[in-house]
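Report on the following structure.
The values are calculated or read from the model by the stated rules, or taken from the named source; none is laboratory data. Computed from a predicted model, the values in this text were never measured in an experiment. Cβ placement follows ideal geometry from the backbone for every residue including glycine, while neighbour counts extend to all protein chains displayed.
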Amino acid sequence: MSPSPRAGQHGGGAPPAIVLAVEHGAFVRQGTVILDDVHWVVRPGERWVVLGPNGAGKSSLLHIASTYEALTRGTTTVLDQPIGRVDVRTLRRRIAIVGALFEHAIPPRTRALDLVVMGRDATLMRWQQTYDPQDEADAQAMLERFGCKHLADARFDTLSQGERKRVQIARAMMTNPDLLLLDEPTAGLDLLGREQLLDILAALAATPHPAGIVLVTHHPEEIPPGFTHALLLREGRVVASGPIADTITSATVSACFGAALRVRREEGRFAVRLAS
């Protein structure tokens with residue numbers, strides 16, 4: 001069971017023509033070039049993985065997609081809206097983010113159910129806002145959808161890493177977002193936790209909403225089945241971009257990581273080994 005879109009929620013109307021576009025994108029921080037001449041377009045129904053080694057610029061690109069960072073040069077379009085010419089505060093209500101940057105902002109004593117309920121209006125503290133019984137029922141349903149209904153009354157700081165990620169995804173989906181950004185969602189998980197989360201993400205990828213999903217990772221093994229496209233980055237530049245079968249190959253992954261690697265795919269999952 002999952003909540004139905006309510007007043008103020010997104011994802012219930014026509015999908016955007018363009019979920020995300022970066023053209024001639026450059027990002028420079030304190031004189032260091034993080035991204036250089038990036039071209040990238042995400043269309044409705046596409047599920048993208050952004051892959052590359054440490055320092056490739058993956059997380060910076062995700063922050064630009066979230067509108068919390070801006071390109072130094074070039075243009076960004078998010079959900080048909082040109083960044084720099086729209087009120088990003090309104091646009092951000094249509095974007096959901098899961099990752100370490102967001103997790104660090106969560107007050108540790110927050111109850112899991114409250115965290116998910118507050119996803120309704122993208123807040124992290126209860127001030128003057130009020131939530132009706134339907135909000136809590138929707139949050140309970142979302143926790144159940146992602147396998148953590150039993151955690152409703154648990155404090156966030158008592159949850160395991162896997163439980164924290166599932167609760168964050170439940171919160172992220174409370175507004176039926178048009179764009180879901182996942183920044184290394186499997187980081188810190190053990191084998192079982194990783195596989196359980198990848199099953200959840202594979203199921204999410206098979207649904208019509210969000211219109212676009214972008215996942216950042218260092219590891220091809222952590223690409224869920226059902227992801228359709230990949231963007232490979234190395235030192236801020238695009239190595240390959242396009243349908244996943246064409247971009248996650250031995251040649252492109254070797255070029256991306258600067259080593260001779262062998263890639264194989266079985267039952268929708270990738271495995272990588274050093275080439276002998």
Taking the conditions exactly as written (closer than 30 Å to E195 by Cα and either at pLDDT 90 or above or more than 18 Å from the chain's Cα centre (by Cα) (or both)), does A70 satisfy them or not?
no
Restricted to segment 184-220 and to residues being in contact with a Lys or Arg (Cβ under 7 Å, 6 or more places away or on another chain) and not hydrophobic (A, V, I, L, M, F, W, C), the residue surrounded by the fewest Cβ atoms within 10 Å (Cβ to Cβ) is T186
Taking segment 169-200 and keeping residues among the aliphatic types (A, V, I, L, M) and within 10 Å of the chain's Cα centre (by Cα) leaves I169, A172, L179, L180, L181, L182
Counting only residues in segment 237-267 that are touching a helix residue (DSSP H, G or I) at 6+ places or on another chain (Cβ under 8 Å) and touching a residue at least 40 places away in the same chain (Cβ under 8 Å), the one surrounded by the fewest Cβ atoms within 10 Å (Cβ to Cβ) is identified as V263
Apart from one, (1) at negative phi; (2) touching a Pro at 6+ places or on another chain (Cβ under 6 Å) all hold for D80; the odd one out is (1)
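Those residues that are charged (D, E, K, R), part of a strand (DSSP E or B) and either in contact with a Lys or Arg (Cβ under 9 Å, 6 or more places away or on another chain) or at pLDDT 95 or above (or both), I need them from segment 16-53; list them, please.
Across segment 16-53, the qualifying residues are E23, D36, D37, R47.
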Given the conditions (1) surrounded by 14 or more Cβ atoms within 10 Å (Cβ to Cβ); (2) free of Cβ contacts under 8 Å to residues at least 12 places away in the same chain; (3) not in a loop (DSSP other than H, G, I, E, B), every one holds for A139 apart from (2)
Segment 186-276: strands (runs of 3 or more DSSP E) wholly inside it with 1 or more residues that are under 21 Å from A65 (Cβ atoms) and of a type in the set (V, I, T) are 212-217, 237-243
